1. Quick check for you: with a 1.4 Å probe and neighbouring chains kept, what is the accessible area per residue of the stretch 1-63, in Å²?
2. Of the heavy-atom accessible surface of the stretch 35-174 (probe 1.4 angstrom), what whole percent is carbon and sulfur?
3. Compute the accessible area per residue over the stretch 89-170, keeping the other protein chains in place, probe 1.4 Å, unit Å².
4. Excluding residues fewer than 8 places away in the same chain, name every one of the lysines whose C-alpha is closer than 16 Å to that of LYS126.
5. Taking every eigenvalue of the Cα gyration tensor of the stretch 1-145, multiplying by 5 and rooting it, what semi-axes result, largest first, whole Å?
6. Pulled fully out, how much extra length does the chain show between TYR256 and ASP103, if you take 0.36 nm times their separation in residues and subtract their Cα-Cα distance?
7. At 0.36 nm per residue, and after removing the present C-alpha to C-alpha distance, how many nm does the segment from GLN125 to ALA32 gain when stretched out fully?
8. Rolling a 1.4 angstrom probe over the protein chains, ignoring ligands and nucleic acids, what is the accessible area of TYR179 in square angstrom, nearest 10?
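The values are calculated or read from the model by the stated rules, or taken from the named source; none is laboratory data. For clarity, every value in this text was computed on a predicted model and none was experimentally measured. Accessible surface areas use protein heavy atoms only, side chains included; no ligands, DNA or RNA. Shrake-Rupley method; radii C 1.70, N 1.55, O 1.52, S 1.80 Å.
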Amino acid sequence: MDKVDISVVIPLLNEEESLPELCSWIKRVCEANAFSYEILLIDDGSTDNSWQVIIKLREENANVKGIKFRRNYGKSAALNVGFEAAKGDVVITMDADLQDSPDEIPELYKMVMEENYDLVSGWKQKRYDPISKTVPSKFFNAFTRKMSGIKLHDFNCGLKAYKNEVVKNIEVYGEMHRYIPVIAKWEGFTNIGEKVVQHQARKYGSSKFTGLKRAVNGFLDIISISFIGRFGKAPMHFFGLLGIFLFIMGFIMALYIGGLKVYRLSSHLPTTLVTDNPYFYIALTTIILGTMLFLVGFLAELINQNNPRRSLYKVESRI
């Protein structure tokens, strides 16, 4: 039987120390609640012994499965591949650093299966992260709430639960793992809930997700999500409309310049070449830009209709 009650998807990078304890904890919780389960460990190009640890865990527990990338692609890529492989009725994601508690699994499962939530996001009211993570997180959460209309306190919490059909109908890339609730909403999964969860201090190693680059990428991704959500299915609605507007504005300006030239000639007034008028070049540029934007929209529509989804992540091993 391929189907299981719960798939636990865990992206990881250099977490060899925490993996045995985490998998043992998940096993204990699932067995205590009589859940059939699988643990999907997605090794995002670790340079330590994480993959060897995963192989050993698989030998000890047949419910453990591993996928190893050839290089580091990022957390979003790991989640995306994990979602593709997940077979559980409920898919639960958590970080590999033991800061997310597997004891939350039964309640998350209940909220999805019995309360019919499409997605339940964890909310770490009390955090043990450094200020370099908490301050940017507050900003992005506030911005995302305003942009998306989704009333969540912590979009980036790694501990989330999903119906299986949700993860099979979304695609995550870039730094968009922190905006999965927004992606799910754009795909029509609007019953999104929140649960206060326990946040534990990191026991081993250090955080892999800090720095200015992460903050900048996150800001660019939220703009991308906003644009794709509104115009991804019909890019002509954006580029075509903007192109037509610019073309008409440029055409009106050109008509005005031409009409003014004809009027001065017919009135025997002093006149110059049309090309001597700086507004002629503004009008010409506007017409060209409008035409190019319209063509961009047309080409985007063709690409959108003829480009099926495909994974770009190179997997080295699966167990």
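1. That works out to 45 Å² per residue.
2. Ligands and nucleic acids excluded, carbon and sulfur reach 49 percent.
3. Ligands and nucleic acids excluded, the figure is 42 Å² per residue.
4. Correct list for LYS126: LYS138, LYS195.
5. The answer is 23, 21, 14 Å, longest axis first.
6. 47.9 nm
7. Here the answer is 30.8 nm.
8. Its heavy atoms expose roughly 0 Å² to the probe.
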